[in-house]
Amino acid sequence: NVDKNKLVEYFRAQIREDPDVASAVAAIRSLLEFLKRDQSETILGLRENMTKAIQRLEETDSSVAVSSGGELFLRFISLTSLEHPDLSQCKNVMIERGELFLKKISLSRGKVGKLCHTFIKDGAKILTHSSSRVVLKVLENAAADNKRFTVYVTESQPDSAGKLMAQKLHNLNIPVTVVLDAAVGYIMEKVDLVIVGAEGVVESGGVINKIGTYQMAVCSKAHNKPFYVVAESFKFVRLYPLNQQDVPDRFKYKADILKTVKDLNQEHPMIDYTPPSLITLLFTDLGVLTPSAVSDELIKLYL
Amino acid sequence: MPGADKETELSERIEAFLSELKRCGSGAGSLRGSAETARETTSLLRRITAQARWSNAGDLMEIIRKEGRRMTAGQPSETTVGNMVRRVLKIIREEYARSRGSTEEADQQESLHKLLTSGGSSEDNFRQHFTHLKANVIEAINELLTELEGTTDNISMQALEHIHSNEVIMTIGRSRTVEAFLKDAARKRKFHVIVAECAPFCQGHEMATSLSKEDIETTVIPDAAIFAVMSRVNKVIIGTQTVLANGGLRAVNGTHTLALAAKHHSTPLIVCAPMFKLSPQRIQIFLRSFCFLLPGEILSKVNAHCPVFDYVPPELITLFISNIGGNAPSYIYRLMSELYHPEDHEL
């Protein structure tokens with residue numbers, strides 16, 4: 001138990017030191033540290049400890065990204081342990097590959113940024129939702145490419161994350177306007193394209209993102225504007241929600257609310273699900289994918 | 001010296017091909033039809049592989065990439081040239097991997113799985129020398145050429161499954177693939193064809209003449225009548241200039257109108273396109289414009305725009321029929337990953 005508390009501390013420290021790091025990357029880094037310090041004698045014991053550690057992390061931060069990062073790490077352990085049945089050898093290989101994996105996924109955001117900014121044309125008006133570090137990177141790359149464009153950001157209540165995004169864009173000298181969440185329909189006729197980030201990309205090719213994304217997607221479909229999603233590949237998660245109610249409760253609400261509140265019906269969900277039919281293209285570090293290509297990628301990994 | 005002769009001969013051929021391509025743009029060249037262009041490009045690439053000086057796969061890829069860039073610059077709207085270059089580059093990569101005995105040849109794309117299991121750098125700079133690489137690559141290119149020769153036949157063979165008796169089929173302009181497709185079905189079925197003439201070059205007229213020679217009942221309509229006639233049509237079958245990576249099309253102007261009319265009437269839209277037309281480009285880079293002969297009075301006072309191609313989004317297309325079978329537009333990305341390597345998307 002002491003170990004698990006140290007794990008959570010490490011995780012929180014990661015996020016404090018580098019607020020720009022993706023939560024899944026921080027989670028995987030913490031899990032790798034945990035792996036290094038783990039004392040189990042067998043591979044089965046190692047897996048059990050890891051599963052418990054991942055659960056503990058999910059209790060701290062209930063976002064989809066942490067869950068997908070954790071599942072990916074578990075899969076990574078299974079795959080490596082299949083190749084090297086001997087524990088000590090296996091552990092060394094795991095640690096080596098883990099470091100390599102971490103290095104690669106830290107570069108994912110850069111790759112996505114490079115891919116996507118070519119889709120932003122000069123004079124474009126972009127609409128985005130809430131605060132996404134990947135979208136910020138994309139816009140940063142486009143601005144560095146000397147493209148002129150303006151950005152509309154939704155306020156994104158209840159935490160006003162949109163205002164944070166507007167501040168960051170302002171620091172990059174990009175003209176930005178904050179609009180009300182309710183003004184998405186009003187502003188849609190003015191914009192040329194919509195770019196949003198994602199907390200999780202599900203098997204069907206749909207995305208799970210801050211509440212209000214689904215609304216924006218429906219509006220953009222009605223106005224025939226392209227709706228682009230930018231996400232790194234470690235956000236791919238093995239969920240297949242058929243509608244909004246299908247998304248598990250543990251993702252919808254913040255971790256502390258899940259623990260304290262009795263009747264979840266009175267709480268506001270923090271995320272919603274956008275089905276693949278509303279998404280034009282997904283930009284990931286694995287390339288530019290159509291929503292139907294996402295399930296292919298997941299199958300390649302998990303089967 | 002024989003070596004120098006070969007090189008000059010090779011560069012002469014490349015120059016001749018380039019000038020053909022450039023002239024083709026104004027319709028004066030002899031390379032008509034994308035199938036011809038694809039075949040010529042592939043033969044030229046085979047010649048380059050056989051005659052140019054290279055010692056390892058990396059050098060060969062550089063040479064082919066350089067020539068490929070020159071060829072695509074000569075006629076950017078003819079995407080089959082770039083596609084064939086990319087196919088040959090993929091062939092070289094595969095043969096190289098096979099010579100190395102690598103088991104990863106099937107998994108050259110980035111994937112989550114690869115991220116998790118690769119131990120150490122998988123950077124391949126193709127610098128190893130293999131004696132049989134040249135022969136293997138040339139053999140593979142020969143296979144590609146055989147495949148190219150059989151494409152129209154493979155597509156026409158599927159005609160009977162899609163065309164039924166007494167159907168009314170609409171098409172636009174002139175596509176050799178669709179012509180062969182319809183003629184093949186006409187041998188066993190009786191159906192009507194409506195051809196939209198596709199102004200300003202009115203290639204639909206040639207298509208109609210050619211079809212009626214095979215005893216197919218043909219009607220020619222002006223482009224403006226497409227929507228009006230659509231309610232009587234059972235299927236729309238069209239060809240295209242390029243198939244884009246998202247499943248969309250770059251086709252002759254008027255195709256988008258046709259596709260929208262078909263969507264409105266819930267008429268299936270079938271695209272007959274051979275695999276060599278599949279291009280990794282996604283967005284419209286440019287729309288070539290022609291300014292043909294207009295009465296002098298208009299030209300001096302008015303701007304005339306006549307785009308040659310249309311973009312058709314993937315949502316309007318029902319089925320792609322290619323030489324490897326029928327596919328949905330959402331599946332095109334998969335076919336793309338099998339034909340080209342992601343690093344070759346940008347030549």
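The values are calculated or read from the model by the stated rules, or taken from the named source; none is laboratory data. Remember, predicted model here, so these are calculated numbers, not experimental data. All Cβ positions, even for glycine, are placed from backbone atoms using ideal geometry, and neighbour counts span all protein chains on display. In case anyone asks, the SASA skips ligands and DNA or RNA and just uses the protein heavy atoms, side chains included. Shrake-Rupley method; radii C 1.70, N 1.55, O 1.52, S 1.80 Å.
Between A:VAL207, A:VAL218, A:VAL237, A:VAL247, the distinction of being open to solvent by 60 Å² or more (accessible area, probe 1.4 Å) and either of a type in the set (Val, Ile, Thr) or in contact (Cβ under 8 Å) with a residue 40 or more places away in the chain (or both) belongs to A:VAL218 only. The residue of the stretch A:268-289 that is farthest from the chain's Cα centre (by Cα), among those that are polar (S, T, N, Q) and within 12 Å of chain B (Cβ to nearest Cβ), is A:SER277. For the stretch B:45-58, a residue qualifies if it is outside any helix (DSSP H, G or I) and out of contact with any helix residue (DSSP H, G or I) (no Cβ under 7 Å at 6 or more places or on another chain), and the qualifying residues are B:ARG53, B:SER55, B:ASN56.
From A:LYS225, A:LYS262, grab the single residue that is open to solvent by 30 Å² or more (accessible area, probe 1.4 Å), out of contact with any Ser or Thr (no Cβ under 6 Å at 6 or more places or on another chain) and within 14 Å of chain B (Cβ to nearest Cβ).
Only one candidate passes the filter, namely A:LYS225.
Residues in the stretch A:290-303 that are at the interface with chain B (Cβ under 7 Å from one of its Cβ atoms) and touching a residue at least 60 places away in the same chain (Cβ under 8 Å): A:THR290, A:SER292, A:ALA293, A:GLU297, A:LEU301. Scanning the stretch A:107-148 for residues that are of a type in the set (S, T, N, Q) and either surrounded by 20 or more Cβ atoms within 10 Å (Cβ to Cβ) or away from every other protein chain (no Cβ under 12 Å) (or both) gives A:SER108, A:THR128, A:SER130, A:SER131, A:SER132, A:ASN141, A:ASN146.
Tell me, which residue of the stretch B:310-347 that is open to solvent by less than 50 Å² (accessible area, probe 1.4 Å), hydrophobic (A, V, I, L, M, F, W, C) and more than 30 Å from B:LYS66 (Cβ to Cβ) is nearest to the other protein chains (Cβ to nearest Cβ)? Please lay out each step first, then the result.
At the first step, the residues of the stretch B:310-347 found to be open to solvent by less than 50 Å² (accessible area, probe 1.4 Å) are B:310, B:312-314, B:316-317, B:319-323, B:325-329, B:332-333, B:335-337, B:339-341, B:344, B:347.
When the remaining residues are screened for being hydrophobic (A, V, I, L, M, F, W, C), the result is B:312, B:316-317, B:319-321, B:328, B:332, B:335-336, B:339, B:347.
Pick out the ones that are also more than 30 Å from B:LYS66 (Cβ to Cβ) and you get B:312, B:316-317, B:319-321, B:328.
Numbers: B:VAL312: 14, B:LEU316: 12, B:ILE317: 13, B:LEU319: 15, B:PHE320: 14, B:ILE321: 19, B:ALA328: 9 Å.
Among them, the one singled out is B:ALA328.
The sole residue among A:VAL176, A:VAL196 that is in contact with a His (Cβ under 7 Å, 6 or more places away or on another chain), open to solvent by 10 Å² or more (accessible area, probe 1.4 Å) and either on the phi < 0 side of the Ramachandran plot or hydrophobic (A, V, I, L, M, F, W, C) (or both) is A:VAL176.
Quick one: B:TYR96 ticks every box in (1) outside any helix (DSSP H, G or I); (2) over 18 Å from B:SER279 (Cα atoms) bar one, so which box is it? Failing condition for B:TYR96: (1).
Could you say whether any residue in the stretch B:59-79 is open to solvent by less than 10 Å² (accessible area, probe 1.4 Å), part of a helix (DSSP H, G or I), closer than 20 Å to B:ALA135 by Cα and not hydrophobic (A, V, I, L, M, F, W, C)? No, the conditions are met nowhere in the stretch B:59-79.
Is it the case that some residue within the stretch A:240-249 is of a type in the set (D, E, K, R) and farther than 24 Å from A:SER220 by Cβ?
Step one: of the stretch A:240-249, the residues of a type in the set (D, E, K, R) are A:246, A:249.
Subset that is farther than 24 Å from A:SER220 by Cβ: A:249.
Scanning the stretch A:240-249 turns up at least one residue that is of a type in the set (D, E, K, R) and farther than 24 Å from A:SER220 by Cβ.
Could you tell me whether A:ASN92 is polar (S, T, N, Q) and either within 14 Å of chain B (Cβ to nearest Cβ) or open to solvent by less than 40 Å² (accessible area, probe 1.4 Å) (or both)?
Working: polar (S, T, N, Q): yes; either within 14 Å of chain B (Cβ to nearest Cβ) or open to solvent by less than 40 Å² (accessible area, probe 1.4 Å) (or both): yes.
Yes: the conditions hold for A:ASN92.
Quick one: is B:VAL252 β-branched (Val, Ile, Thr), under 15 Å from the mean Cα position of the chain (by Cα), at pLDDT 85 or above and under 23 Å from B:GLY74 (Cα atoms)? It is true that B:VAL252 is β-branched (Val, Ile, Thr), under 15 Å from the mean Cα position of the chain (by Cα), at pLDDT 85 or above and under 23 Å from B:GLY74 (Cα atoms). Of all residues in the stretch B:204-225, those that are more than 24 Å from B:ASN253 (Cβ to Cβ) have Cβ atoms under 6 Å from Cβ atoms of residues that are of a type in the set (Val, Ile, Thr), 6 or more apart or on another chain, in B:SER212/B:THR218; B:ILE216/B:VAL193.
For A:LEU72, the conditions (1) more than 14 Å from every other protein chain (Cβ to nearest Cβ); (2) under 24 Å from A:PRO248 (Cα atoms) are fulfilled apart from (1). Please tell me if A:LYS103 is open to solvent by 80 Å² or more (accessible area, probe 1.4 Å), farther than 30 Å from A:TYR152 by Cβ and within 11 Å of chain B (Cβ to nearest Cβ). When the stated conditions are applied, A:LYS103 passes them. Considering (1) at pLDDT 95 or above; (2) surrounded by fewer than 17 Cβ atoms within 10 Å (Cβ to Cβ), the lone condition that A:SER160 does not fulfil carries the number (1).
How many residues, within the stretch B:287-297, are at pLDDT 60 or above and open to solvent by 70 Å² or more (accessible area, probe 1.4 Å)? Give the steps one after another, and end with the answer.
The first filter runs over the stretch B:287-297 and keeps only residues at pLDDT 60 or above, leaving B:296-297.
Among the residues that remain, those that are also open to solvent by 70 Å² or more (accessible area, probe 1.4 Å) are: B:297.
Qualifying residue count, the stretch B:287-297: 1.
Go through the residues of the stretch B:160-168 one by one and say whether even a single one is part of a strand (DSSP E or B), in contact (Cβ under 8 Å) with a residue 12 or more places away in the chain and among the β-branched types (Val, Ile, Thr). Scanning the stretch B:160-168, I find at least one residue that is part of a strand (DSSP E or B), in contact (Cβ under 8 Å) with a residue 12 or more places away in the chain and among the β-branched types (Val, Ile, Thr), so the answer is yes.
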